Amino acid sequence: MFEIPVKWLVFILTIYLPFNIVVSVNNPLTRKTYIVQMDRSAKPEYFTSHLEWYSSKVQSVLSKPEIEGNADEEDRIIYSYETAFHGVAAKLNEEEAERLEEADGVVAIFPETKYQLHTTRSPMFLGLEPEGSASVWSEKLADHDVIVGVLDTGIWPESESFNDTGMTPVPTHWKGMCETGRGFQKHHCNKKIVGARVFYRGYEAVAGKINGKNEYKSPRDQDGHGTHTAATVAGSPVRGANLLGYAHGTARGMAPGARIAAYKVCWAGGCFSSDILSAVDRAVADGVNVLSISLGGGVSSYYRDSLSIAAFGSMEMGVFVSCSAGNAGPEPASLTNVSPWITTVGASTMDRDFPATARLGTGRTISGVSLYKGRRTLSTRKQYPLVYMGGNSSSLDPSSLCLEGTLNPRVVAGKIVICERGISPRVQKGQVAKQAGAVGMILVNTAANGEELVADCHLLPAVAVGEKEGKLIKSYALTSRNATATLAFRGTSLGIRPSPVVAGFSSRGPNLLTLEILKPDIVAPGVNILAAWTGDLGPSSLPTDHRRVKFNILSGTSMSCPHVSGIAALLKARHPEWSPAAIKSALMTTAYVHDNTHHPLKDASVATPSTPFDHGAGHINPMKAQDPGLIYDLEPQDYFNFLCTQKLTPTQLKVFGKYANRSCRHSLANPGDLNYPSISAIFPDDTSIKVLTLHRTVTNVGLPTSTYHVVVSPFKGATVKVQPEILNFTRKNQKLSYKIIFTTKTRQTMPEFGGLVWKDGAHKVRSPIAIIWLTPLK
């Protein structure tokens, strides 16, 4: 659980440190990639284009003049940005970058940053009924007008999930294109995949030229991640989809009628900010309505985060931006992509599982999970020797983790080996065990993973078990001279209770960049998700895996993000006039916070109730989101007013405000006054401040005449009063305001959580509440 100790300052200072900055040899003359943001309105008239002016600025600071035609000199500018962001990405040494930062017209300079990927049944689990049903979500022609841009590893166009049969012509507003290269030609785009582009100049500036023989320098996806996320967003229905017999059924995306535009920004060595920024800029210019970005790179201040700035520009253009929260849970304050104009998505389970068992020589049967299906099988009538290479010590042991080269074949050959999670990928541990001659593996969780179970498509018979059962198995192997076990695989199981459960790996709040903005925003299915896969890689993603499958099962907030992106596309089709903030509000205020046993949502890492720092507003509920009753809407200027509360200098604010000449004339009294669907009341460390008032405005998108009554949950440490307690609407799109008055009774050492709900008999418009009392630093 998260605590509020004196360590807050340390946490906050740490969170502001630059993250994953791409570094090279510590030489001020070494060229690195910098993203240069320019003030577009400052271009002198004698320049014929903005790019000409940007180039002139870069040339003016170079250590030595670039000689035209000199083959030794490379082109310093690798990208120009002109839609969601304005400026260039350029290769500069440290001295040149410092000189350029001082130049007129230059707003800010960002060093290149490396980002990482945050790595069926979900439509039915979410209430999105099959095509042809009477559901309000049954496919409509309007769905076909929505285009989702997916920034990822590319796309595998031959997948049946991207079949365009029955789709209408590409919308006329679409300006994108289908870029070609090895393995990807014009005909690979269709009425489903309406665009495909690649962005690699930033990557090559850091990692060197991409080897075109080993990697597709085209939109084709050989990693699988991008194909999986794109199919989750908007894949066409495919009957009989399965992974080696597991999860058999119809696979379809959240918005099967929507279009996909694939922007390949990730390569074998990672994803780089200059490429991501160029893709966002291009996608907005191309005409996407939604951006799905399952990537993360840590947290930096708003004005230093190039993705945050590009997302702000996208939001200004009416584009909804959904990002994964990260897979660094259950550590507190582990979130990425926390800007309020981004929808930050955590991960949860579904009511489907893949049970497997380990039966010990004692006769005890341990429950676990697995997606193993292979020629090697273990007889359930026979017991196999069981071995654990670790000891009783709590310290990490490379052998107990089954790291490369740590298992002695003479010890493990012919046995089932126990491997602990951590450091290396789960499936790689199985490969190490297999190479050492093991006949099977029991993968045990450590304290970091708790009881959360994630199924994997292992290369040898393997079962994953929780921490408690793992301790029992390890103790048995260490204390019994002739320990034995066997493994069995039970296929696919539905109707699992409780579900959903917040995934242990899902990154957690609080949002230390701005405590007043409660993050994550929402959770969605992200555990054991079946979707389309590349034809170039086996389901374990290991080079030694020669199996080929059309669908794969993956887990991560990378999988939950496209669920939200697809549902946002459905909402955009149904309500084309809604702003990105309106769509986010509908998703958040209709989310649910109880599982299928009618108990509060649980946290898989500790098996106790989760909090808004884990699940945000709750679990996404698409059926309710299409008719939320009330919404908390926001304009771009409202977000800028929020930024005015963040202690940014005028120069730093200019990063967000220059294109519309935004200013802080209407700054908020409190950052918590941003008209956000969640509510976070932060009492400062000054104990004399006992009353805090926050303000909200709701817009009626339900029946023209309606009356809403408020209900607020009780808190130990404070009384919460809402004024007025009744909102009477007389017309559609009418706005009414209310205030929430928090009065401290007893300062609490831990955050308190609850909710505020507006009810009219047909709708329940719920906002999570967090109250935090900051502890004075000693």
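Farthest towards the positive end of the charge dipole of the chain, among the residues Cys323, Met559, Ser273, is the Cα of Met559, using unit charges on the Cβ of Lys, Arg, Asp and Glu. For the peptides 226-237, 97-108, 153-164, 511-522, residues were scored by their other Cβ atoms within 10 Å and the scores averaged per peptide; the highest-first order is 226-237, 511-522, 153-164, 97-108.
Run the Debye formula on the Cα coordinates of the range 674-778, all scatterers equal and no solvent, and tell me log10 I(q)/I(0) at q = 0.15 1/Å. Log10 of I(q)/I(0), two decimals: -0.64.
Placing unit charges on each Cβ (+1 for Lys and Arg, -1 for Asp and Glu) gives the chain a dipole about its Cα centre, and among Gly672, His599, Ile109 the Cα reaching farthest toward its positive end belongs to His599. Largest first, the residues Met315, Met389 sort by 1.4 Å accessible area into Met389, Met315. Computed from point charges on the beta carbon alone (+1 for Lys and Arg, -1 for Asp and Glu), the dipole magnitude for the range 327-473 about its Cα centre is near 880 Debye. Model label points for Thr707 and Gln637, set 7 angstrom from Cα along the Cα-to-Cβ axis, are 3.5 nm apart. Coordinate range of the alpha-carbon atoms in the range 536-591 per principal axis, descending: 49, 19, 14 Å. Of the residues Ser507, Ser713, the one with the largest accessible area comes first in the ranking Ser713, Ser507, computed with a 1.4 Å probe on protein heavy atoms.
Within the accessible area of the chain, the carbon and sulfur atoms contribute 52%, probe 1.4 Å, all protein chains present.
Taking the chain, the Cys residues with no second Cys beta-carbon under 4.7 angstrom are Cys323, Cys457, Cys561.
Between beta-carbons, use under 10 Å as the cut-off and find the net charge around Asn733, counting Lys and Arg +1, Asp and Glu -1.
Local charge sum for Asn733: +1.
Please list 29-42, 666-679, 269-282 highest first by mean number of surrounding beta-carbon atoms within 10 Å per residue.
Ranked by mean Cβ neighbours within 10 Å, highest first: 269-282, 666-679, 29-42.
Normalised per residue, the accessible area of the chain is 39 Å², obtained with a 1.4 Å probe and no contribution from ligands, DNA or RNA. Simple point charges give the picture: +1 on the Cβ of Lys and Arg, -1 on the Cβ of Asp and Glu, and for the chain a dipole about the Cα centre of about 2520 debye.
With the whole protein complex present, His763 retains an accessible surface near 20 Å², based on a 1.4 Å probe. Both radii come from the Cα set of the range 260-344: Rg as radius of gyration, Rh as Kirkwood radius; their ratio Rg/Rh reads 0.95.
Please give the charge dipole size of the range 186-257, origin at the Cα centre, charges +1 on K and R Cβ atoms and -1 on D and E Cβ atoms. Round to the nearest 20 debye.
So the magnitude is around 320 debye.
The values are calculated or read from the model by the stated rules, or taken from the named source; none is laboratory data. Since we're looking at a predicted model, the values are computed, not measured. Every residue, glycine among them, receives a Cβ derived from its backbone with ideal geometry; neighbour counts consider all protein chains shown. Please note that ligands, DNA and RNA were not included when accessible areas were found on the heavy atoms of the full protein model with its side chains. Shrake-Rupley method; radii C 1.70, N 1.55, O 1.52, S 1.80 Å.
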